[in-house]
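Here the structure comes first, spelled out in structure tokens, and everything after it is commentary.
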Amino acid sequence: QVQLTESGGGLVQAGGSLRISCEASGRNFRNSAMGWFRQAPGKDREFVASYRWSGGNIVYADSVKGRFTISRGTAQNTVYLQMNSLKPEDTGVYYCAAGRDPTGLRNGRPDYWGQGTQVTVSS
């Protein structure tokens, strides 16, 4: 059974930093992509960033470019999201996603979703 487990969310002041993690278990994601989405209250879930294991291709949403960094752990089952210069509009539940199709993942159609971790940025 595949599981994606997020951790590291919390409350931070605007301008601060936070790192969230996602650990995948249950299968090998060597030829897959992993990424992050977020959902603010009353809004649709939106793509944040993705990392493709094969080739290391990284894609960011325009709203987080230059502030967020996605990276992988030494084992190909962990992905991190370093969030700097946080803004109140970054508040939301952050979901980890994984899938065999990187394009499908970025379009909101991953194979697997995590349960989410809350990130709250106060002004």
Would you please give the residues with an amide H less than 5 Å from that of TYR112, counting only those at least 5 places away or on a separate chain, with H modeled from the backbone geometry?
ALA98
Compute the signed sum of charges (Lys and Arg +1, Asp and Glu -1) over the other residues within less than 13 Å, Cβ to Cβ, of VAL93.
-1
By average C-beta atoms within 10 angstrom, highest first, the peptides 74-82, 88-96
88-96, 74-82
Inter-label distance for ASP62 and ALA75, nm, one decimal - labels placed 7 Å from Cα along Cα-to-Cβ
3.9 nm
Please get the size of the charge dipole for the chain, origin at its Cα centre, with Cβ charges of +1 on Lys and Arg and -1 on Asp and Glu, quoted in debye to the nearest 20.
260 debye
Under the helix-only model (-39500 (n - 2.57) for each DSSP H run of 4 or more, divided by the residues of the chain), the mean residue ellipticity at 222 nm, to 500 deg cm²/dmol, is -1000 deg cm²/dmol
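Please compute the net charge surrounding GLY8, taking Lys and Arg as +1 and Asp and Glu as -1 over other residues with Cβ under 12 Å from its Cβ.
Charge balance near GLY8 sits at -1.
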What part of the accessible area of region 1-59, given as a whole %, is carbon or sulfur when the probe is 1.4 angstrom?
39 percent
Roughly how many Å² is the accessible area per residue of the chain, as a whole number, for a 1.4 Å probe?
51 Å²
How large is ³J(HN,Hα), in whole Hz, for each residue of region 16-26 in order, when computed from phi with the Karplus curve 6.51 cos²θ - 1.76 cosθ + 1.60 and θ = phi - 60°, using x for Gly and Pro?
x, 10, 7, 10, 10, 10, 9, 10, 9, 9, x
Inter-probe distance in nm under a simple model that places probes 7 Å from Cα toward Cβ, at GLN115 and GLN3
0.9 nm
Counting Lys +1, Arg +1, Asp -1, Glu -1, what net charge surrounds GLN82 among other residues with beta carbon under 10 Å of its beta carbon?
+2
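The values are calculated or read from the model by the stated rules, or taken from the named source; none is laboratory data. Small disclaimer: the values here were computed from a predicted structure and weren't measured. Cβ coordinates were reconstructed from backbone atoms using ideal geometry, including for glycine residues, and neighbour counts include every protein chain displayed. For accessibility, only protein heavy atoms count, side chains too; no ligands or nucleic acids. Shrake-Rupley method; radii C 1.70, N 1.55, O 1.52, S 1.80 Å.
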